[in-house]
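All remarks here apply to the structure that follows.
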Number of protein chains: 2
Amino acid sequence: MAEKIDGKVRELLEAPNVVSVATLDKNGAPDVKVVWADLDNGHVVLNSAEGRQWPENVRRDPRITITVINPENPYEYGQIRGRVVEDTHEGADQNIDALAKKYLDKDEYPFRQEGEQRVMFRVEPERVKLHGG
Amino acid sequence: MAEKIDGKVRELLEAPNVVSVATLDKNGAPDVKVVWADLDNGHVVLNSAEGRQWPENVRRDPRITITVINPENPYEYGQIRGRVVEDTHEGADQNIDALAKKYLDKDEYPFRQEGEQRVMFRVEPERVKLHGG
């Protein structure tokens, strides 16, 4: 059952704030990475590259917790618990460029590596909460 | 096998930066909370109150991932993967006061609630990493 991302949580995700993504590693232990994120059509959109660990994690177990701290007040943070509902290469290159625009104000993602294949994930929110707000 | 917390990761944890703690909820899904932290004798020390969720999580499964983002450069973050090796009420009140001193420059923790029982956890680091550094 999808929940809506609204209000302050939405505002924190629309701003160029990094988010932490917590997933489960192959032993079922919590793994956390800090990444860029965007919102699209009620989903959180995340981008990574093939070969990295957290994409493997969400392919094994789609459960994910996304946390975004308010940089102006670290006691306030938005949190989305949900699951990955889409995993695609299609549009992943355009998406990383859009994220580079949002976070770095660059038209093209400047850290692309030779042979790198980008991948885009959509997360459907199941629980959305603002902590300390 | 304990690993040492040194260099920039140590510096980030010694400064009054909030940390995120990722644990496993009762369904084994990743749960994240943003809290205060300190270092003592090679361990990360965390403080909570009885009745909250993440203390229950680490009692069920002691695996924990602690992440601290550099507030001056959000692409740099320290990460400690480890497990809870001590869970005690003893000294937990003094510890939350010490954390209030560190984070708020107050001699006494100002958010104590009626009847609240504080609890202190020690985390033994198994993997320590600086990302994006």
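Computed from the coordinates by the stated procedures, all read-outs in this text should not be read as laboratory data. The shown structure was predicted, so the numbers you read here are calculated from the model rather than taken from an experiment. Here Cβ is always computed from backbone atoms with ideal geometry, including for glycine, and neighbour counts include all displayed protein chains.
Assorted remarks:
- Dipole magnitude of the protein assembly as shown, debye to nearest 20 (Cβ charges: Lys/Arg +1, Asp/Glu -1, about Cα centre): 480 debye
- Since only B:VAL84, B:HIS131, B:GLY7 are under comparison, the one whose Cα sits farthest along the positive direction of the charge dipole of the stretch B:7-131, derived from C-beta charges on Lys, Arg, Asp and Glu, is B:HIS131.
- Largest GNM mean-square fluctuation among A:ARG60, A:ARG83, A:ARG52, using chain A with Cα springs under 10 Å: A:ARG52.
- Couplings for the stretch A:105-114, taken from phi via the Karplus curve 6.51 cos²θ - 1.76 cosθ + 1.60 with θ = phi - 60°, read 6, 10, 6, 10, 4, x, 10, 4, 10, 2 Hz in order; Gly and Pro are left as x.
- Peptide A:22-35 has a mean shielding of 6, counted as Cβ atoms of other protein chains within 10 Å of each residue's Cβ.
- Averaged over B:55-65, number of beta-carbon atoms from partner chains that fall within 10 Å: 2
- Label points for A:ASN73 are taken 7 Å from Cα along Cα→Cβ. From this copy to the others they lie 3.0 nm apart, shortest first.
- Sparse-neighbourhood loop sites, GluC sites (Glu not before Pro) in the stretch A:22-109 - DSSP loop, at most 14 other Cβ within 10 angstrom: A:GLU50, A:GLU72, A:GLU90, A:GLU108
- Based on the reciprocal of the average 1/r between different C-alpha atoms, the Kirkwood radius for the stretch B:1-51 equals 12.5 Å.
- Computed about its Cα centre, the charge dipole of the stretch B:7-131 is approximately 520 debye, with only Lys, Arg, Asp and Glu carrying charge at their Cβ.
- Restricting the calculation to Cα atoms, every distinct pair contributes to the Kirkwood radius of the protein assembly as shown, found to be 19.1 Å.
- Taking the three principal axes of the alpha carbon atoms in the stretch A:1-85, the coordinate ranges are 34, 27, 21 Å, sorted in descending order.
- Cα centroid separation - the stretch A:16-88 against the stretch B:1-55, whole Å: 19 Å
- Computed [θ] at 222 nm, deg cm²/dmol, chain A (DSSP H ≥ 4; -39,500 (n - 2.57); rounded to nearest 500): -6500 deg cm²/dmol
- Viscosity 0.692 mPa s, 37 °C: Kirkwood-radius Stokes-Einstein D of the stretch A:24-129 over Cα pairs, µm²/s: 225 µm²/s
- Maximal additional length on extending the B:LYS26-B:VAL85 stretch stands at 19.3 nm, based on 0.36 nm per residue less the C-alpha distance.
- Cross-link pairs B:LYS26/B:LYS129; A:LYS106/A:LYS129; A:LYS4/A:LYS101; B:LYS33/B:LYS102; A:LYS106/B:LYS33; A:LYS33/A:LYS101 - those with Cα-Cα distance over 29 Å: A:LYS106/A:LYS129; A:LYS106/B:LYS33
- Each Lys or Arg adds one and each Asp or Glu subtracts one; over the other residues with Cβ under 14 Å from the Cβ of A:HIS131, this totals +4.
- FRET efficiency, A:LYS8 to B:ARG127 (Cβ-Cβ, R0 30 Å, nearest 0.05): 0.35
- Taken along the Cα-to-beta-carbon direction at a fixed 7 Å, the label points for B:LEU104 and A:PHE111 span 3.5 nm.
- Label-point distances for B:ALA49 to the equivalent site in the other copies, using a point 7 angstrom along Cα→C-beta, read 4.5 nm when ranked shortest first.
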